[in-house]
1. Going by what's in this entry, would residue 205 be described as assigned to a loop (DSSP other than H, G, I, E, B) and within 28 Å of residue 121 (Cβ to Cβ)?
2. Are any residues in the stretch 190-202 over 24 Å from residue 68 (Cα atoms) and in a helix (DSSP H, G or I), and if so, which ones?
3. Please verify whether the stretch 106-114 includes one or more residues that are part of a helix (DSSP H, G or I) and either more than 27 Å from residue 159 (Cβ to Cβ) or touching a residue at least 40 places away in the same chain (Cβ under 8 Å) (or both).
4. I'd like the full set of residues that are buried (at least 18 other Cβ atoms within 10 Å of the Cβ), in a loop (DSSP other than H, G, I, E, B) and modelled with pLDDT of 90 or more, limited to the stretch 300-328.
5. Does residue 62 qualify as being in a strand (DSSP E or B) and under 17 Å from residue 183 (Cβ atoms)?
6. If you scan the stretch 90-103, which residues turn out to be buried (at least 20 other Cβ atoms within 10 Å of the Cβ) and not in a strand (DSSP E or B)?
7. So residue 158 ticks every box in (1) in a loop (DSSP other than H, G, I, E, B); (2) farther than 25 Å from residue 65 by Cα but one. Which box is left unticked?
8. Just one of 230, 187 is free of Cβ contacts under 8 Å to residues at least 60 places away in the same chain and either in contact with a helix residue (DSSP H, G or I) (Cβ under 9 Å, 6 or more places away or on another chain) or in a strand (DSSP E or B) (or both); which is it?
């Protein structure tokens, strides 16, 4: 992990992504899925923000919306002073050089009809960077950077293992020397032994290249290892956010506590007694009134079902940009 930066590279303010649900004979809108519903955070230059939540909480949609692979329904995304959420097509084309993405599935994210050399070289061709010889030399260098060899240029994705394919995806993301990389569950589809190799690779590349990451995952142990700050997401909203030491050392929100207590430990002496967390995640089409977590929270009272809690400071304040915040009206009552 990188040392604390001084300048926010990415600022997200009230970002929303809603999908209309259509039905009936005439295909009328009968509801709305609030996949991302007013998310705000910032990422300091050279740091990693870990974005955590259960499947279906909206974290992958958030990542795709940050990249403008999904059009936002509201809010702002500011990257080095540029408003990504409202940028024109021409402006986005230029910004793509600085913002890249590593996708979750290394099998489907690589074109099976293209060689590795063509896949990694494609961003350079699209942005017209260098001659063909210079581009090929850059591709060889990138492959060696991620632990592969230049002799693999002519091979196809089907000839590689899952871990090697994800390394190819990382090499493609680095081709344009980006400043920000959004990694959407980059190791969840890999074997455990390969996961650590790819994670260590990403940490090393961040240190050597000064990269900034938004690291999306449902695995808290992975997030703890790579992140400087963490945002916990539930049903389209961030319910807790703060420095990694605060989130894992003194979690405040009941949902965060339940997630951390559920982390398996190989040491019986370190095993935690899991907090009661019953029921299924509500549908984002019809979330509960008030706090979205109230239907599953063991500390919920009537007021929780009436008020949407804002993110508020927890305990002692921290320097701007690294505050520990939680969205719960019962923080004092539950000892946060």
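1. Here the answer is no, as residue 205 does not meet what is asked.
2. At the first step, the residues of the stretch 190-202 found to be over 24 Å from residue 68 (Cα atoms) are 190-201.
Once the filter is applied, which keeps residues that are over 24 Å from residue 68 (Cα atoms) and in a helix (DSSP H, G or I), the stretch 190-202 yields 192, 193, 194, 195, 196, 197, 198, 199, 200, 201.
3. For the stretch 106-114, residues part of a helix (DSSP H, G or I) and either more than 27 Å from residue 159 (Cβ to Cβ) or touching a residue at least 40 places away in the same chain (Cβ under 8 Å) (or both): absent.
4. Once the filter is applied, which keeps residues that are buried (at least 18 other Cβ atoms within 10 Å of the Cβ), in a loop (DSSP other than H, G, I, E, B) and modelled with pLDDT of 90 or more, the stretch 300-328 yields 309, 311, 324, 327, 328.
5. no
6. The one that is buried (at least 20 other Cβ atoms within 10 Å of the Cβ) and not in a strand (DSSP E or B): 103.
7. Unmet condition: (1).
8. 187
The values are calculated or read from the model by the stated rules, or taken from the named source; none is laboratory data. Model, not experiment: these values are computed from the prediction. Positions of Cβ are generated from backbone atoms using ideal geometry, with glycine treated the same way; all protein chains shown enter the neighbour counts.
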